[in-house]
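This report concerns only the one structure given below.
The values are calculated or read from the model by the stated rules, or taken from the named source; none is laboratory data. None of the values given here were measured: they were computed from a predicted structure. Note that each Cβ is placed from the backbone with ideal geometry, even for glycine, and that neighbours are counted across all protein chains shown.
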Amino acid sequence: MGNETGIRFIKRMDKGFYFINLEKRSCKDETLGQIGMGKLYKTVIVEDDSVVNAFIKKEVESHGKFEVVGSFANGSETLRYLSENKVDLLLLDIELPDTNGFEILKELNEPPITISVTGYEGNAITSYDFGNLDYVTKPIIPERFYKALDRAYEKLAAEKETSIHDYGTKFKGVDRNVFVTYSNIVYISSNGKHSVLHTVDDGIEVIGTLKDIEPKLSFGKFRRVHKQYIINMEYLAHIEYFSGGSHVAYMKDEEKSQVPVSRIYLSGI
């Protein structure tokens, strides 16, 4: 097979095809790779398949914002390392020879930002119950994996900023402008040409559609989950699937709010 496209195909009899894209990167990806400056976020890979492990390592290092400080094929070595070392990002295979990846997360008091790697779609939804940032299913699609890495970088960069100051912004209220900190917003719902900021204390009606409001939101924290809803990922408890194909996001506020999730937005949460 020729390599004119810059894509190499690795056939795995047990897990299908793995597509390793050797050239294609978005403009954003190329910029990140070229800069290669500033802090590199410490990353640990947990994957028992050596071919997949090597692929993940190559993609992580080519991203330009992460460094691989550990690579493991089982749960016991992973737990030993993470108990003694602080890392920023964990790329965690769920199906391991000696344990389940979720069991590893249960053992960690303060798990790092985690992206699950799984061969089973059902594990993807479960991963949100453990506070995982994202998931990638096997066979791994490079563009999808790179998107997950971008999200991890955005979140890490945002956390670095918010550790200095909890940022917020002004919204145009019905009667007056209001300043709301991002960390107080649980979710936002659409109400025609107005929107409602559902905060930890109350609901604040503001002028503007979700499309108008999105540019104001904190970098990396908020995600559109429905044409009428945006959620703050910091408050997401888990996503539940119901018969008939509907999904609901359960939030970690006192009201235990439930927000509908459209299937078209599910993979981007």
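Here are a few things to note about the model shown:
- Hits in region 46-67 (condition: within 21 Å of Pro112 (Cα to Cα) and of a type in the set (Phe, Trp, Tyr)): Phe66
- Scope region 47-82; condition assigned to a helix (DSSP H, G or I) and either within 13 Å of Ile104 (Cβ to Cβ) or outside the structural domain of Thr137 (by TED's automatic domain parsing) (or both); matching residues: Gly75, Ser76, Glu77, Thr78, Leu79, Arg80, Tyr81, Leu82
- So Ala158, is it in contact (Cβ under 8 Å) with a residue 40 or more places away in the chain and within 22 Å of Leu40 (Cβ to Cβ): yes
- Condition check for Gly268: small (Gly, Ala, Ser) and touching a residue at least 12 places away in the same chain (Cβ under 8 Å): yes
- Region 166-177 residues that are more than 15 Å from Thr199 (Cα to Cα), paired with ones that are among the basic types (Lys, Arg) and assigned to a strand (DSSP E or B) (beta carbon under 6 Å, 6 or more apart): Asn177/Lys170
- Some residue of region 43-64 being small (Gly, Ala, Ser) and in contact with a helix residue (DSSP H, G or I) (Cβ under 7 Å, 6 or more places away or on another chain): yes
- In the set (1) buried (at least 17 other Cβ atoms within 10 Å of the Cβ); (2) of a type in the set (Val, Ile, Thr); (3) touching a Phe, Trp or Tyr at 6+ places or on another chain (Cβ under 8 Å), the condition left unmet by Thr199 is number (3).
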